[in-house]
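J.: Mind having a look at this structure? Questions to follow.
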Amino acid sequence: MYKGLFWLADDKLITFKIECAADGAPAVSDLRYNSRRGDSFTHKATWDEAARNQPREIRSKDWNHFPRGRVEVKAKKVTVYHNPAFETPDIKQMILDEFALVDDSLTVRFVSDYSYHYKVLIK
């Protein structure tokens, strides 16, 4: 099971994920978080690493160019915050598969987030 960040580019998920236990504890203890509070990862600060192996047309875009989301895990409860563009069964299944969240003991909730943070930059 993993928690982390994702973007959807050309119908493909780009992920930055961390292996974790069902309570959300990371499998490795020496993570260097990049959020202000130092307890999570941000899309902006993580984009370059997440997109490193993508084609130039994708990795050259800004972090907020593509629809994005986040997987959080706490106490066997998974919350997937995401841009409303992810509100399709196929994309939800891609996220479940990519983050290894297909487990009957987990409660998974998808939350379409209409906030400014998940809006897509259109140039």
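The values are calculated or read from the model by the stated rules, or taken from the named source; none is laboratory data. This one's a predicted model, so the numbers in the text were calculated from it and none came from an experiment. Backbone-built Cβ (ideal geometry, glycine too); neighbour counts: all protein chains shown.
J.: Quick one: in the range 49-65, which of the residues that are outside any loop (DSSP other than H, G, I, E, B) and in contact with a strand residue (DSSP E or B) (Cβ under 8 Å, 6 or more places away or on another chain) is surrounded by the most Cβ atoms within 10 Å (Cβ to Cβ)?
T.: Ala50
Conditions (1) surrounded by fewer than 19 Cβ atoms within 10 Å (Cβ to Cβ); (2) modelled with pLDDT of 95 or more, marked per residue:
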site	(1), (2)
Ala22	yes, no
Ser29	yes, no
Gly38	yes, no
Trp47	no, no
Pro67	yes, no
Val71	no, yes
Lys74	yes, no
Phe86	no, no
Pro89	yes, no
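J.: Being outside any loop (DSSP other than H, G, I, E, B), in contact with a Lys or Arg (Cβ under 6 Å, 6 or more places away or on another chain) and under 23 Å from Ser115 (Cα atoms) is the requirement here; does Trp7 meet it?
T.: So Trp7 passes the test.
J.: While we're looking at this one, here's another question. Would you please list the contacts, defined by Cβ atoms under 6 Å and residues six or more apart or on different chains, that run from a residue in the range 1-19 that is under 16 Å from Asp97 (Cβ atoms) to a residue that is among the hydroxyl-bearing types (Ser, Thr, Tyr) and in a strand (DSSP E or B)?
T.: Partner pairs satisfying both residue conditions: Phe6/Thr15; Lys17/Tyr2; Glu19/Tyr2.
J.: Still on this structure: For the range 68-123, enumerate the residues that are charged (D, E, K, R), assigned to a loop (DSSP other than H, G, I, E, B) and over 22 Å from Asp11 (Cβ atoms).
T.: Lys76, Asp103, Asp104
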